[in-house]
Amino acid sequence: MGELVEIIAKALVDQPGEVQVTEIEGTQSVIIELKVAPDDMGKIIGKQGRIAKAIRTVVKAAAIKENKRVVVEII
């Protein structure tokens, strides 16, 4: 699921080399931390958080197949 977040983020930003995705896996949940360049932060969050919400929705849909709970944090 970290790869999915990375692919989506790199498609949205101007500096894809700055995208870093860290996956912290627990027994029932996975925390995915997404770091981008400060200039690209607005492109990842979107107006009123719409793009960030869409990214979280897509990742949660992918996580249902694995019966895991996923939290996407944008840092």
- Item | Options ILE44, ILE32: the member that is open to solvent by less than 80 Å² (accessible area, probe 1.4 Å) and more than 14 Å from GLY2 (Cβ to Cβ) | ILE44
- Note on VAL21: of the conditions (1) among the aliphatic types (A, V, I, L, M); (2) at pLDDT 95 or above; (3) over 13 Å from the mean Cα position of the chain (by Cα), unmet is (3)
- Item | Test: VAL13 is touching a residue at least 40 places away in the same chain (Cβ under 8 Å) and crowded, with 17+ Cβ neighbours inside 10 Å | no
- Only residues that are open to solvent by 90 Å² or more (accessible area, probe 1.4 Å) and under 12 Å from GLY2 (Cα atoms): list them for segment 57-75, please. LYS60
- segment 39-54 residues that are touching a residue at least 12 places away in the same chain (Cβ under 8 Å) and part of a helix (DSSP H, G or I), paired with ones that are open to solvent by 50 Å² or more (accessible area, probe 1.4 Å) and acidic (Asp, Glu) (beta carbon under 9 Å, 6 or more apart): ASP39/ASP14; ASP39/GLU18; ASP40/ASP14; ASP40/GLU18; LYS43/ASP14
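The values are calculated or read from the model by the stated rules, or taken from the named source; none is laboratory data. Model, not experiment: these values are computed from the prediction. When we count neighbours, we look across all protein chains shown, and the Cβ atoms used for this are built from the backbone with ideal geometry, even at glycine. The area values use the complete protein model at the heavy-atom level, side chains included, leaving out ligands, DNA and RNA. Shrake-Rupley method; radii C 1.70, N 1.55, O 1.52, S 1.80 Å.
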